[in-house]
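> One structure follows; several queries about it will come next.
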Amino acid sequence: MPADVLAELLTTLELSSQLYFRAELSSPFAIAVPENRGVIRFHVAAEGHCTIGMRHHEPRTLGPGDLALVPHGSAHVLSDHPEPTPKPLSAVLDESGFDGVGPLVFGGGGPRTVVVCGHVALTGAMLKPLVDGLPPLLHLRAADGVSYSWMEHVVRRIEREARTRRVGYGEVARRLSEILLLEVLRGHAEGDLAALSALADPQLRRALEAIHARPEADWSLEALARIAGQSRTLFAESFRDRVGVPPMKYLATWRMQKARGLLVGAEHSVAEVARRVGYASESAFNRAFREQFGAPPGRYRRARGRA
């Protein structure tokens, strides 16, 4: 099933930065959010209604529990009325005195809309095909069966952690942030598998499932092409077009991602980790790991707090 590969991909999730806040907006309001290609943005309507608009796309109206996802950080406008000159987000932040803790309060004093806003930047090459395959703007409606209104409570918890700074607050906030993003990506996958490109192609999916099920196997391009039921040339071309990298490069990267998880999350020796991801030579594994993550596996493990 596609979800099995998706679950494996999501285990590689690492956030290089994240920001979440609760915006208490009152009518009229119109906020221009600038482009930031390095992040995934989302907005959840927790109370009231608002519209998200983007160039070359029809505006979408968000109701309570709806989620708007901007996967590629494109510029967009959040508003509750047509406004030819929305206020830049930087000016809104200055005017509201928002300091990153607590709600952002802004607007003209009319009926209230509460929006949970967030952005995250990712590390981990395996998620790139998933994110790159998404359209510029997604609207997931609570009326279609999945409400995201619970995110407001999670963001309130993140705010509280940032404000009180109890022991371990940074790790708690990071884990909560990962849960938010996992739910966003999973919600889209469940709602529109066609956007997951390679996972939606039954032939490529068979090859991906094989790679993810047995990364230690002695895979060749010919073997993966046979599993996909395609010629070697067609398989290589279609895989590269859909996933963004050649099949053997994907395999090598996935092996390193699995190795990283085994090093950090379990009591395996470096030699055992190498074997489990398909390396007969520990020295070859060390070189590949260093090239991917900038440090040999032993040093990487020690930096993550494991002996």
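> Which ones in the range 38-51 are farther than 13 Å from Thr113 by Cα and crowded, with 17+ Cβ neighbours inside 10 Å?
Of everything in the range 38-51, those that are farther than 13 Å from Thr113 by Cα and crowded, with 17+ Cβ neighbours inside 10 Å turn out to be Val39, Ile40, Arg41, Phe42.
> Would you please list the contacts, defined by Cβ atoms under 8 Å and residues six or more apart or on different chains, that run from a residue in the range 222-233 that is among the acidic types (Asp, Glu) to a residue that is assigned to a helix (DSSP H, G or I)?
Qualifying pairs under 8 Å: Glu222/Arg232.
> Take Arg205 and decide whether it is among the basic types (Lys, Arg) and surrounded by fewer than 17 Cβ atoms within 10 Å (Cβ to Cβ).
So Arg205 fails the test.
> Here's a follow-up. Return the residues of the range 151-201 that are of a type in the set (A, V, I, L, M, F, W, C), more than 24 Å from Ile211 (Cβ to Cβ) and modelled with pLDDT of 70 or more; say none if nothing qualifies.
If the condition is that a residue be of a type in the set (A, V, I, L, M, F, W, C), more than 24 Å from Ile211 (Cβ to Cβ) and modelled with pLDDT of 70 or more, then Met151, Val154, Val155, Ile158, Val167, Val172, Ala173, Leu176, Ile179, Leu180 are the ones that fit.
> Looking only at the range 203-235, filter to residues that are among the polar types (S, T, N, Q) and not in a loop (DSSP other than H, G, I, E, B); which one of those is modelled with the lowest pLDDT?
Keep residues of the range 203-235 that are among the polar types (S, T, N, Q), which gives 203, 220, 230-231, 233.
In the following step, the residues that additionally are not in a loop (DSSP other than H, G, I, E, B) were identified as 203, 233.
Numbers: Gln203: 86, Thr233: 95.
Filtering the range 203-235 for residues that are among the polar types (S, T, N, Q) and not in a loop (DSSP other than H, G, I, E, B), the one modelled with the lowest pLDDT comes out as Gln203.
> Could you list, ordered by first residue, the pairs with Cβ atoms under 7 Å in which the first is in the range 95-108 and assigned by TED's automatic domain parsing to the domain that holds Ala173 and the second is modelled with pLDDT under 90 and among the aliphatic types (A, V, I, L, M), at least 6 apart or interchain?
Val101/Ala162
The values are calculated or read from the model by the stated rules, or taken from the named source; none is laboratory data. All values reported here derive from a predicted model rather than from experimental measurement. Glycine gets a Cβ as well: all are built from the backbone with ideal geometry, and neighbour counts include every protein chain shown.
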